[in-house]
């Protein structure tokens, strides 16, 4: 299961039943869980902590040092969960002194040539499209879908169940459950198809829709719209998440 043509540092730790193909490069201070498959010409670099059942495809670089001039070689990590697909030429950078680690959840698909910058957090069940670039210290919550060639500014926060149109440039926070697109990027309605696929009931979707009508269609400023939501809409967990995202999670302001 381990090719003799792979370079694996003696200090690296591999779990059971791993496959390592020819010309893979694995550095010291790496931990790889059981049943992982590391394909030819990919690299797993120092500081990487990888869970079970991950597949790293050809040419990917996992755990590379941050693209941040403030980085001076500090001891940081890239922490990856289980069941991720890391496709060809993907780059996942480890953290800096700012946060100390980049964190990737489980069951994600990172498509060809995408990049996750230092100290970012990607939840679980996400899809990051071809050539999409995520800057440093970005947070992407569970089940978000970013289509191809999306550019996300550093420190941005993207909520759960979001769908972002290909080619979008994101420089503000994106609250949960919505579709974002156009140029400049704007709110384009609810991600209804995605919500239904994930089992959201019609009643829950209606509550989410009513909340966003106050935020984006009422013509009032966001802070007043939030107060109106609190007064007039049943505070389901989903609506509470929207309110909490706007009031407490978002620091850059939400997308228009």
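Please treat every number below as a calculation from the coordinates, not as lab data. Since we're looking at a predicted model, the values are computed, not measured. Neighbour counts are summed over all protein chains in view; Cβ atoms, including those assigned to glycine, are modelled from backbone coordinates with ideal geometry.
Once the mean of 1/r is taken over each pair of separate Cα atoms and inverted, the chain shows a Kirkwood hydrodynamic radius of 19.0 Å.
Mind checking Rg over Rh on the stretch 15-87, alpha carbons, Kirkwood formula for Rh? Before the final figure, lay out each step's value.
Numbers: Rg = 12.1 Å, Rh = 12.4 Å.
When Rh is taken as the Kirkwood radius, the ratio is 0.97.
Computed from Cα atoms, the angle from the helix 202-212 axis to the main principal axis of the chain rounds to 80 degrees. Annotation for residue 220 and residue 193: the two label points, set 7 Å from Cα along the Cα-Cβ direction, are 3.3 nm apart. Placing a label point 7 Å from the Cα of residue 252 along the Cα-to-Cβ line, the residues of the stretch 100-117 whose backbone N sits under 16 Å from it are 115-117.
Start at zero, step by 10 Å, and the Cα-Cα distances of the stretch 189-229 spread as 30, 44, 24, 2 percent across the bins. Extending 7 Å from the Cα toward the beta-carbon at both residue 182 and residue 244 defines two label points whose distance is 3.0 nm.
Express the relative contact order of the stretch 7-137 as a whole percentage, based on alpha carbon pairs under 8 Å and six or more residues apart in sequence. Intermediate values should be presented prior to the final figure.
On the way: 426 pairs, mean separation 21.5, N = 131.
Contact order relative to length: 16 percent.
Taking 0.36 nm per residue of separation and subtracting the current Cα-Cα distance, fully stretching the chain between residue 235 and residue 209 would add 8.1 nm. Packing here is the average count of other Cβ atoms within 10 Å per residue, and on that basis the peptides 69-77, 149-157, highest first, run 149-157, 69-77.
Among 62, 239, what is the fewest-to-most ranking by other Cβ atoms within 10 Å? Present the calculation step by step, with values, prior to reporting the outcome.
Values: 62 29, 239 20.
Fewest-to-most ranking of 62, 239: 239, 62.
For residue 99 and residue 172 in the same chain, what is the full-extension length gain: residue separation times 0.36 nm, less their Cα-Cα distance, in nm?
Working: separation 73, 0.36 × 73 = 26.28 nm, distance 2.06 nm.
Net length gain for the segment: 24.2 nm.
Put one equal scatterer on each alpha carbon of the stretch 7-137, apply the Debye formula with no solvent term, and list log10 I(q)/I(0) at q = 0.09, 0.17, 0.19, 0.20 1/Å to two decimals. Result of the Debye calculation: -0.21, -0.78, -0.99, -1.11.
A Förster radius of 41 Å combined with the Cβ-Cβ distance from residue 151 to residue 227 puts the calculated FRET efficiency at roughly 0.80.
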